[in-house]
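In what follows, a single structure is set out as structure tokens and then discussed.
The values are calculated or read from the model by the stated rules, or taken from the named source; none is laboratory data. Keep in mind the model is a prediction, meaning the values are calculated, not measured. Don't worry about glycine lacking a Cβ; one is built from the backbone with ideal geometry, like all the others, and counts go over all protein chains shown. Side chains included, ligands, DNA and RNA excluded: accessible areas come from the protein's heavy atoms. Shrake-Rupley method; radii C 1.70, N 1.55, O 1.52, S 1.80 Å.
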Amino acid sequence: MARPRIATCLALRDRLTGVSAWLSPLGLRLVLAWEFYESGREKLHGENWFGAVMANFPFPFDRVPADLSWGMATWFELLGGVALLLGLGTRLVAASLFVLTVVAIAAVHWPQDWMGLSQLVQGYAITDNGAGNYKLPLLFLVMLWPLILGGAGRLSIDALLARVAALCPPTPRDDPTGWGLVLLPVGLVVAMLLPAPGLALAGLGAALLLFAAARSRRIEG
């Protein structure tokens, strides 16, 4: 009796996994597309308030003039929302919006002064009280992450273009090169908010890339 039940559970798992490739990324894309497009539309029809918070922007974004920064954020959100909706260039778009969101957290939502994790955790809230309300943008980062790593899913223009171009399906590899390519840029972005942990992640990513390169040279030699 146990084996038929296990076979039934495995068959259910396989079907859910197959449907998930179509629908799971789509749900994330639809919600994020709406949120970013709405944010961009509000900026398009609103007044530029970046000048008041430019001092809080992390480097190198604090070097960009407020008017240019406002325009870039507006159109990144508008066009990024449309691209997520269509599933076009999803990994690149999601990564761009990830960076944009981290900059927004640093400039507007991050606690101004915090000493220790207990004070930092207090900012994990949804409120209009200014700095210390990073809960919602942090949720956006968590939702963007699967799209950066996994792409748009099968119900997307990206998947259609891959089929038209007859590209071979991806072969998952979690080797040191893959981990390094992820940890290095992510660490640099995290460093905008948490310098020490972010630089540690970036350093680990760089070390993994160097290790992979050295190992490849030894194998070739």
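How much space per residue, in cubic angstrom, does the convex hull of the C-alpha atoms of the stretch 42-149 take up?
Cα-based convex hull of the stretch 42-149, divided per residue, equals 119 Å³.
Can you work out the accessible area per residue across the chain, with the rest of the protein chains kept in place, probe 1.4 Å, in square angstrom? Show your work: numbers first, answer last.
Numbers: 14090 Å² over 221 residues.
Result: 64 Å² per residue.
How big is the shadow of the Cα convex hull of the chain, averaged over all directions, in nm²?
Directional mean of the projected Cα hull area for the chain stands at 18.0 nm².
Over the chain, what relative contact order in percent results from Cα pairs under 8 Å that are six or more residues apart? List each step's numbers first, then the result.
Values: 256 pairs, mean separation 42.4, N = 221.
For the chain, the relative contact order is 19 percent.
When the Kirkwood radius is taken over all Cα pairs of the stretch 94-221, what Stokes-Einstein diffusion coefficient follows at 4 °C and 1.567 mPa s, in µm²/s? Mind showing how you got there, number by number?
Details: Rh = 17.1 Å.
Value of D from the Cα-based Kirkwood radius: 76 µm²/s.
Okay, helix-only estimate at 222 nm for the chain: each DSSP H run of n ≥ 4 adds -39500 (n - 2.57), divide by all residues, round to 500 deg cm²/dmol; what do you get? Spell out each step's value before the answer.
Working: 8 runs with 150 residues, N = 221.
Per the formula, -23000 deg cm²/dmol.
Using a 1.4 angstrom probe on heavy atoms only, work out the carbon and sulfur share of the accessible area of the stretch 151-194 in %. All intermediate terms of the calculation are to be shown ahead of the outcome.
Numbers: 2110 of 2920 Å².
Carbon-and-sulfur percentage of accessible area, whole number: 72.
At a 10 angstrom cut-off on C-beta neighbours, averaged per residue, how do the peptides 64-77, 26-39 rank from highest to lowest? The partial results should precede the final answer.
Details: 64-77: 16.1, 26-39: 18.0.
Answer by packing, highest mean first, reads 26-39, 64-77.
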